[in-house]
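The next block holds one structure in the form of structure tokens; read it before the comments.
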Amino acid sequence: MTLADLAAARRTHKEFGSGPVERETLVDLLAVARFAPTHHMTEPWRFRVLGPQTLAELKACAGDSEAKKLDRAPTLVLASAVLSADLVQDEEDVCAAAAAIMLVLLAATERGIATYWRTPAVLRTARGREAAGIPSGERFLGLLHFGAPAREPNARERHDVSEYVTFLP
């Protein structure tokens, strides 16, 4: 499968099977992040796999509606980027961490693992950040859901390349 095929096959899943992703498999997926481009080799991405205690604390901070969404997938991984307090470096590091996340999602797709990249509001609150162990020097980028696909979502229509590419003189 080419990279273009893999990218086209990736879907946002909102329904998952009940079994968690095995620890070894998860480590293999997250190891792919290290190949993301990173200015000055800062490798700013951080991943925290939520265990049952952390998930319970996070759900307590989230409220009923959001807590239900945290139960969608059997495996949840919080993704963040370490910040340096230098605005230019931080911008580059956030982009590098986002690229690392995408590589992880593609690696999961290649293995037939369903994923969902969410940004729940609870993880932008002081209580949610504390429950998930996000230090003040990191920016929350997403909560990644992993699991067996319960069903295959339909492909969504995408813009043609001519809509977003301009060749300058």
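The values are calculated or read from the model by the stated rules, or taken from the named source; none is laboratory data. Every value quoted in this text rests on a predicted model; they were computed, and no experiment measured them. Note: ideal-geometry Cβ built from the backbone for every residue, glycine included; neighbour counts use all protein chains shown. Surface areas here come from the heavy atoms of the whole protein model, side chains and all, with no ligands, DNA or RNA. Shrake-Rupley method; radii C 1.70, N 1.55, O 1.52, S 1.80 Å.
Couple of notes before you dig in:
- Solvent-accessible area, 1.4 Å probe, carbon plus sulfur percent, for the chain: 53 percent
- Most mobile of L144, L50, L105 in a GNM of the chain (Cα contacts under 10 Å): L50
- Between the stretch 31-68 and the stretch 111-127, the Cα center-to-center distance that results, in Å: 7 Å
- When only the Cβ of Lys, Arg, Asp and Glu is charged (+1, +1, -1, -1), the dipole of the stretch 107-169 relative to its Cα centre reaches about 320 debye.
- Selection among A36, A114, Q53 by position relative to the dipole of the chain gives Q53 as farthest towards the positive end (Cβ unit charges, Cα centre).
- Debye, to nearest 20: dipole size of the chain, +1 on Lys, Arg Cβ, -1 on Asp, Glu Cβ: 560 debye
- With an a/c value of 1.5 or above and a/b not larger than b/c for the gyration tensor axes a ≥ b ≥ c computed over the alpha-carbon atoms, the chain is described as oblate.
- Gyration tensor verdict on the stretch 127-169 (Cα atoms; rounded if a/c is under 1.5, prolate if a/b is larger than b/c, oblate otherwise): oblate
- Restricting the stretch 96-169 to chymotrypsin sites (Phe, Trp or Tyr not before Pro) in coil, as DSSP defines it, with at most 11 other Cβ within 10 Å: Y164, F167
- For the stretch 120-136, 3J(HN,Hα) per residue [Karplus equation, 6.51 cos²θ - 1.76 cosθ + 1.60, θ = phi - 60°, Hz, x = Gly/Pro]: x, 4, 4, 7, 9, 9, 4, 5, x, 4, 5, 4, 8, x, 8, x, 4
- Interchain or long-range residues, amide H under 5 Å from G147's placed H: A114
- Summed over qualifying helices (DSSP H, 4 residues or more, each -39500 (n - 2.57)) and divided by its residue number, the chain shows a 222 nm mean residue ellipticity of -11500 deg cm²/dmol.
- Excluding exposed DSSP-loop trypsin sites (Lys or Arg not before Pro) (at most 12 other C-beta within 10 Å), longest clean stretch of the chain: 1-110
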